[in-house]
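The values are calculated or read from the model by the stated rules, or taken from the named source; none is laboratory data. Predicted model, so just to flag it, every value in this text is computed and none were measured. Here the Cβ positions follow ideal geometry from the backbone for every residue, glycine too, while neighbour counts run over all protein chains shown. Please note that ligands, DNA and RNA were not included when accessible areas were found on the heavy atoms of the full protein model with its side chains. Shrake-Rupley method; radii C 1.70, N 1.55, O 1.52, S 1.80 Å.
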Amino acid sequence: MNAVLENIPFYWTALAHWLTCVAFMRAYDSDWHKSVVFHGVFLVVLNVFEYFTSLQSGLVFNVCMACFAMINTVHFAILTKFDTRQVIYHETRLFMISGYMASMAWQLYIYYASRMDFLSGTIAECCFMLGHYALLCVVMLLLEKPKMDVGSELRISWTTSLITLALGLGVYIMSSLSFTHFETPFGGSTYADAFNVRSQVYFGGVMMLYAVHLQLCQIHTENEKNALQRILDMQVSNYRLEQTSIDLVNRKYHDLKHQISLLRSEIGNEAKLEYLDKLEQEIKVYEALNKTGNEILDTILATKTLQCQKEEIEFHCVADGSLLGFMDMADISSLFGNALDNAIEAVSQVKGKQERMIDLSVSKHKGFLRIQVRNRFEGDLKTKKGFLLTTKRDDRFHGYGLKSIAATAEKYKGSMTYGAKDGWFDLRILMPMNHA
C-alpha cells in the first residue's frame, strides 16, 4: 500500500490540473464554451506528458513538471482574456489548487480503500476521485464567486506576478522534499507521513495565495471606489463652473430679449422685423430646452447642448426635471453628466452627419422615475461582466461612467440596464419615486 501511495496515477494528476483550469475559465470571462475540442486536445496532451513525467525521477522529473505547468499555462492563456502577468498570477493559484486536489483525493481514496473492500476496483476509484474533484471544484468556485468580478479586473503588476510565482515554487519545493529522502528533517518514517506533508503544504499554499488574492481584490475595490469618488467630485466642480457660465449666458439672453423688443418698436422695415422674429424664436427654443424644472439638470443640458452643436449632433430632450427633487445635486450631475458624455463620445464617432442623434427623456412611470438615453453608434459593443469595454487606447478607467451610473441608481434602490439594436444604444434607469 505504501508503494501505491507514493505516486498519484498520472491520469488523476493531469485531470486535476485540467479540471481546475476549465472550471476557472468557466467562472471568469473566457471563450471556454467555444473550444470543447480544444479542451479535449489539451487533456490528451496533459495525460501523455504526465505519463512521460511519471517515468522520470530526480532533476529530470522536476524539469518535466515545469514543462507540464507551462503546457497548462498555455491552455489557460489561449482561452482567457488576461495579459501575461494575470496569466502567471492566476495559473500559479490554479497549480496550487490542483496539486492539493490530486494529493488529498488520492490520499483519502487509498486510506478508505484499504479499509473498505467495496472501494477497490477501477469503477469505485473513478467514482471516488471524480466525486472528490467535483466537490473541491464547487468549493473553489464558491470561494471565488464573491470576488469574481473584481478578480477578473485585477491589474497585476510584474512584481506581484513574480512574487506569486516564487511563493508557488516554494510551496512545490517544500511539498516535494519529503519524497527525496526520509532522513531529512522534512520527511517521515513512511510514505504516508510524506504524503501528509505534501497535502498539508499544498493546503497551506492554497490558503496563502487565496489570502493574497482577497487582499488584492480589497485594494482594487478601494481604489475603484476612490476613483469613482474623484470622478464625482470633479463632475460636481465642473457643474459649478458650468452653472456660472450658463447663468451668465441666461442673463445675456434675457437682456437680448429686451433689446429685441426695443428694436422692434423702432424698426419699421418688414425684412428686419422678420429677422428679429427669427432671432426671438431661437431664444424661446433655448429657454424651453433649459427650463425643465430642475436647475442642475438645466445647467447640464445647456452645456451638453452646446457641446452637441459643436460636434454637429442632433440633440432631442423631453425632461421633467421636477421629478428629480429626491436626488442629491452630486448624483444628478454625475448621472446625467456620465450618460450624456458617453452618448456624445459614441455619436461623435458616427461618420454620417445625418445619423448623429441623441434622445433624452425623463418621465414618471408607475411610481418610478424613468430616465432613458438613446444614441446612435457604429461598430460592435464589447462587454465584460456586464459593462462595456472602452475603445480608447488607455483602458485604465474603462467602464467607470456606466459603473458610476449604476452605483447612483443602486443608491436610490433603482437599477440600470442597457442594450443595442439597429445602430441605437439604449440606456435605461429606473428608480422608485418614494425612495427617501
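Do we have any residue at all in region 194-201 that's over 20 Å from the mean Cα position of the chain (by Cα), at pLDDT 70 or above and open to solvent by 50 Å² or more (accessible area, probe 1.4 Å)? Looking through region 194-201, at least one residue is over 20 Å from the mean Cα position of the chain (by Cα), at pLDDT 70 or above and open to solvent by 50 Å² or more (accessible area, probe 1.4 Å). Taking every residue in region 412-436 that is free of Cβ contacts under 8 Å to residues at least 60 places away in the same chain and pairing it with any residue that is outside any strand (DSSP E or B), at least 6 positions away or on another chain, the pairs with Cβ-Cβ distances below 7 Å are LYS413/HIS435; SER415/ALA409; MET416/ILE405; MET416/ALA406; MET416/ALA409; ALA420/LEU381. Applying the set (1) assigned to a helix (DSSP H, G or I); (2) at pLDDT below 85; (3) under 26 Å from ASN223 (Cα atoms) to ILE78 leaves exactly one unmet item: (3). Meeting the requirement of 3 or more residues that are at pLDDT below 90 and within 22 Å of GLN309 (Cβ to Cβ), no strands (runs of 3 or more DSSP E) wholly within region 319-436 can be named. Among residues that are exposed (fewer than 15 other Cβ atoms within 10 Å of the Cβ) and of a type in the set (Ser, Thr, Tyr), THR84 is included.
Whether a residue is of a type in the set (Val, Ile, Thr), open to solvent by 50 Å² or more (accessible area, probe 1.4 Å), closer than 18 Å to TYR210 by Cα and modelled with pLDDT of 85 or more was assessed, and VAL139 passes this test. With respect to (1) without any contact (Cβ under 8 Å) to a residue 24 or more places away in the chain; (2) acidic (Asp, Glu); (3) closer than 12 Å to LEU427 by Cα, the lone exception for ASP359 is condition (1).
Of everything listed in (1) surrounded by 12 or more Cβ atoms within 10 Å (Cβ to Cβ); (2) over 25 Å from the mean Cα position of the chain (by Cα), the single unmet condition for LEU59 is (1).
Screening region 154-187 for residues that are exposed (fewer than 15 other Cβ atoms within 10 Å of the Cβ) and not in a helix (DSSP H, G or I) and picking the one that is modelled with the highest pLDDT gives SER157. Kindly provide the set of residues from region 78-133 that are free of Cβ contacts under 8 Å to residues at least 12 places away in the same chain and aliphatic (A, V, I, L, M), ordered by number. Those that are free of Cβ contacts under 8 Å to residues at least 12 places away in the same chain and aliphatic (A, V, I, L, M): MET116, LEU119, ILE123, ALA124, LEU130.
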